[in-house]
1. Quick check on my filter: what residues within the stretch B:297-322 are at pLDDT 95 or above, open to solvent by less than 20 Å² (accessible area, probe 1.4 Å) and in contact with a Phe, Trp or Tyr (Cβ under 9 Å, 6 or more places away or on another chain)?
2. Applying the selection to the stretch A:267-291, what residues are surrounded by 17 or more Cβ atoms within 10 Å (Cβ to Cβ) and of a type in the set (A, V, I, L, M, F, W, C)?
3. Would you please name the residue that is nearest to the other protein chains (Cβ to nearest Cβ), looking only at residues in the stretch A:143-163 that are open to solvent by 10 Å² or more (accessible area, probe 1.4 Å), touching a residue at least 12 places away in the same chain (Cβ under 8 Å) and of a type outside the set (D, E, K, R)?
4. Exactly one condition in (1) over 21 Å from the mean Cα position of the chain (by Cα); (2) open to solvent by less than 30 Å² (accessible area, probe 1.4 Å) is false for A:ALA140; which is it?
5. Taking the options A:ALA50, A:ALA32, A:ALA38, A:ALA11, name whichever one is buried (at least 16 other Cβ atoms within 10 Å of the Cβ) and out of contact with any Leu (no Cβ under 7 Å at 6 or more places or on another chain).
6. I'm trying to understand the selection: among the residues of the stretch A:205-217, which are among the aliphatic types (A, V, I, L, M) and at the interface with chain B (Cβ under 8 Å from one of its Cβ atoms)?
7. Quick one: how many residues across the stretch B:110-121 are in contact with a helix residue (DSSP H, G or I) (Cβ under 6 Å, 6 or more places away or on another chain) and open to solvent by 10 Å² or more (accessible area, probe 1.4 Å)?
8. Please list, ordered by residue number, the helices (runs of 4 or more DSSP H) wholly in the stretch A:110-220 having 1 or more residues that are within 30 Å of A:VAL313 (Cβ to Cβ).
2 protein chains.
Amino acid sequence: MSKLLTVVEAADWLNSRDGFLIVTHQRPDGDALGSASALAQGLRESGKTAYVLYNDETTPRYVRFVEDYWAPTGYKAQHIVSVDTASYNMFPKSSAEHISSVSLCIDHHASNTYYAEHTCLDETRASCGEVVYDILMALAGSISAACAERLYVALTTDTGCFVFGNTTANTLRVASLLIEAGAPHRELNKLLFRTRTRGRVKLEGMINSGLEFHFDDTVAIAAITRDMMEQSGAVEDDFDDITSLPGSIEGVLVAITIRELSSPHDCKVSVRTGAAVNANAICARFGGGGHPMAAGFSKNATIVEITCAILEVLGEFLPSFE
Amino acid sequence: MSKLLTVVEAADWLNSRDGFLIVTHQRPDGDALGSASALAQGLRESGKTAYVLYNDETTPRYVRFVEDYWAPTGYKAQHIVSVDTASYNMFPKSSAEHISSVSLCIDHHASNTYYAEHTCLDETRASCGEVVYDILMALAGSISAACAERLYVALTTDTGCFVFGNTTANTLRVASLLIEAGAPHRELNKLLFRTRTRGRVKLEGMINSGLEFHFDDTVAIAAITRDMMEQSGAVEDDFDDITSLPGSIEGVLVAITIRELSSPHDCKVSVRTGAAVNANAICARFGGGGHPMAAGFSKNATIVEITCAILEVLGEFLPSFE
């Protein structure tokens, strides 16, 4: 049974120990990498030895924030601390040999499985970065500019720069304090939220002009072919958040994005819904799953075949078409 | 000569008077209408009579926030208060007969011309709503949910929901307090920032595919013709924030949007820049103005003529092309 710690207790726990290795989940996002690097930085400022376990799925966009903290080969940690990771099976396969047991888990997911010896969880926070902020404030009483920058990345990437429904008064309050502590918010906002490559712009245009609408325009289907990827010149970082595009259109309750992977017969499907429709249930029908409003599945079939298969069953899941 | 008032002095000034008519600029945006309606609401809560002058250019998106405050026909105001309006010639023509003189101007534009008898200006604020917040706090010591909702509209629409370069620690601090005071931020974010009409999507596609790049791709020019407006089916509300599109492209330092208004010879130009280039100075050259990173002007000329005129002088304002 995991022992629950308050943020003050977690700060005390960290303060009375040394030799930390910070780990986070597969396909790490800004909250995972920002929280991990801010915690490492804050612990170092308190005189501790702290590193982040190298994660080979880190995308170019986030490398600059975390690269100074990667653990050197052979580093022998005394204590493993995880951030932003709800369950043990979310760690990358490449990390498995380093993560036999986690001493402290710092998280904000209500779905946390309490896999760690100690858990400091605040599921009211929009980002894990807010929990790390509370712990670092309890530990040191102030936040350095280097910590503030990384925590700002954590807060903003999990909330779409404060626009998603998970944003709270606390998120904005902490963000305000991080800016006062020296987070370069203008540069970060520009880098993370206001820079589209020409490839991304082209890709968005192709997706938007190819959108199909069904069920009285309450269902939007976006197709991303390998041909579109090639023509637009888009790279993997350009696909960040692309599944939110069709769902932003007025009146759309179910947004489906079908993307060709290795061949036209190998597709990844993302389903995004509002509260009225269960995305998880739709994807479960095709062997996939996820959350009630964001789920997905993979299928060895073409975009047209998948579209037809989805449209055949979708009526069952729509409130007005049952 | 206008007398400058601090926010506390402005609150005292309002508190010792009654019978207000609040006026704002032509083509009013969320900051103008949110500031005006929040001020009217706050003054009413302090026992005052306060109305907002009807502005026939108010778009459907913002009507709900301000319609309860429109001044009835024949209302005789004792004092005219302007919000978010930097100069006298920014008032709508339809307002002219009501605005012979302005007693108090509340604003955040550094380009304010001090046309009012008294001026309460804080050019460090991202939105006029932040200045109104300070005044209402000085007036009453707290903010009602009705004021908070309208001020949240003001803050977010002027900062693109906290992502634009004008956002400050104060913007986020006040926004956090507004949410605590009852601003329904989730609904407002969805309405104002996460819903695109099909017309808007089409319009974005047309703008993106017609973008022109100059000065080693550091300058992007977007043209919006009346024809594009018609073909896309976009309505006025669909133009919110459209000027931020070209500036979101990687490497762009100056983003210019030229939009045809009543005819192809009547255009409105918006200039958005990073910190390295002064948008206000560029627009001043054409008789316009605004903020250092967001300014504009109007011109009786075609898109091509305006493009040529801008390109001719732009080099002077670009650090690498001086």
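1. Across the stretch B:297-322, the qualifying residues are B:PHE297, B:ILE306, B:ILE310, B:LEU314.
2. A:CYS267, A:VAL269, A:VAL271, A:VAL277, A:ALA279, A:ILE282, A:CYS283, A:PHE286
3. That would be A:GLY160.
4. Looking at each condition in turn, A:ALA140 falls short on (2).
5. From the options A:ALA50, A:ALA32, A:ALA38, A:ALA11, the qualifying one is A:ALA32.
6. Answer for the stretch A:205-217, where residues must be among the aliphatic types (A, V, I, L, M) and at the interface with chain B (Cβ under 8 Å from one of its Cβ atoms): just A:LEU211.
7. Qualifying residue count for the region: 1.
8. Qualifying helices (runs of 4 or more DSSP H): A:198-209.
The values are calculated or read from the model by the stated rules, or taken from the named source; none is laboratory data. Please read these numbers as outputs of a predicted model, since none were measured by experiment. Cβ sites come from the backbone with ideal geometry, for glycine too, and all protein chains shown count toward neighbours. Accessible surface is based on the protein model in full, side chains and every heavy atom, while ligands, DNA and RNA are left aside. Shrake-Rupley method; radii C 1.70, N 1.55, O 1.52, S 1.80 Å.
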